[in-house]
Amino acid sequence: DVTEAQEVTAAVVCSHSSQFRLSESNTSAHTLPLSFSFTHTLMAPLIFILLLILLSFLPGADSVRTVTRLAVQRGGSVTIPCHYDEEYEHHVKYWCKGSPWISCTIVVRTDSPQRKEGVSITDDPAQQVFTVTLSDLQVNDAGWKWCAVEKGGYGTPDDKASISLSVT
């Protein structure tokens, strides 16, 4: 037996008999039954990483792009470009405020009145960019904002990019 005072060096060796052999310094080897598969244990992280890499190449990954942080002086105005992929030329674009995304409130859309509460939106499909202009910004206008494109279809999440807006 190994006491707490002894230094233990453990090495796990996988044998063909589906058992672990635990080797400890100053003791004989002990054999423990294999209770899980090494293949599944080692493959899970690899599969997860491969899945993340593959998802980054799917359509919709980074399909909407803009600045990530923006600081504007109180009373000022700013025009924010929201770039999108060619596949979204004929889709509805919109500006949303609030965080998290699930609770954001749409302020303006390209298919309805395009000016509301000091916010306007215009789309230039030829350049694959829609712009949002914010006027007379106040400190309470700060927070998370979103450039978004409707993908269409029930249950289909829209593509979006977030902006952290600060007003000083």
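The values are calculated or read from the model by the stated rules, or taken from the named source; none is laboratory data. Please read all numbers here as calculations on a predicted model, not as lab measurements. Cβ atoms come from the backbone with ideal geometry, glycine included; neighbour counts cover every protein chain shown. Heads up: the accessible areas ignore ligands, DNA and RNA and are worked out on the full protein's heavy atoms, side chains in. Shrake-Rupley method; radii C 1.70, N 1.55, O 1.52, S 1.80 Å.
What nm distance separates the two modelled labels at Lys151 and Ser103, each placed 7 Å from Cα along Cα→Cβ?
2.4
Tell me, what is the percent relative contact order of the stretch 95-168, built from C-alpha pairs under 8 Å that lie six or more residues apart? Walk me through the numbers before you get to the answer.
Working: 120 pairs, mean separation 19.2, N = 74.
26 percent.
Leaving out ligands, DNA and RNA, what percent of the accessible area of the stretch 64-157 is carbon and sulfur, probe 1.4 Å? It would help to have the intermediate numbers written out before the result.
Numbers: 2750 of 5470 Å².
The nonpolar share, carbon plus sulfur, comes to 50 percent.
For every other residue with a beta carbon closer than 10 angstrom to the beta carbon of Glu87, add +1 if it is Lys or Arg and -1 if Asp or Glu, then tell me the sum. All intermediate terms of the calculation are to be shown ahead of the outcome.
On the way: positive: Lys151; negative: Asp85, Glu86, Glu89, Asp159.
Around Glu87, the surrounding residues sum to -3.
Pull up all non-local amide H partners of Val92: gap of 5 or more, or a different chain, and H-to-H distance under 5 Å with H placed in the peptide plane.
Glu150
Around Lys116, with a cut-off of 15 angstrom between Cβ atoms, what is the net charge of the other residues, counting Lys and Arg +1 and Asp and Glu -1? Please report the intermediate quantities before stating the final value.
Values: positive: Lys93, Lys97, Arg109, Arg115, Lys145; negative: Asp111, Glu117, Asp136, Asp141.
Charge balance in the 15 Å sphere: +1.
Could you give me the ³J(HN,Hα) list for the stretch 150-158, computed from phi with Karplus coefficients 6.51, -1.76, 1.60 and θ = phi - 60°, whole Hz, x at Gly and Pro?
Working through the residues one at a time gives 6, 8, x, x, 5, x, 8, x, 6 Hz.
Quick one: how many Å² of Lys116 are accessible to a 1.4 Å probe, rounded to 10?
Taking all protein chains as shown, Lys116 has close to 100 Å².
What GluC sites (Glu not before Pro) does the stretch 69-166 have in DSSP loop regions with at most 14 other beta carbons within 10 Å? Walk me through the numbers on the way to the answer.
Numbers: sites: Glu86, Glu87, Glu89, Glu117, Glu150; in loops: Glu89, Glu117, Glu150.
Taking the stretch 69-166 and a limit of 14 other Cβ atoms within 10 Å, the loop GluC sites (Glu not before Pro) found are Glu89, Glu117.
Which of rounded, prolate, oblate describes the stretch 63-168, given a ≥ b ≥ c as roots of the alpha-carbon gyration tensor eigenvalues and a/c under 1.5 marking rounded, otherwise prolate only if a/b is larger than b/c? It would help to have the intermediate numbers written out before the result.
On the way: a/c = 1.79, a/b = 1.52, b/c = 1.18.
Since a/c reaches 1.5 and a/b is larger than b/c, the shape of the stretch 63-168 is classed as prolate.
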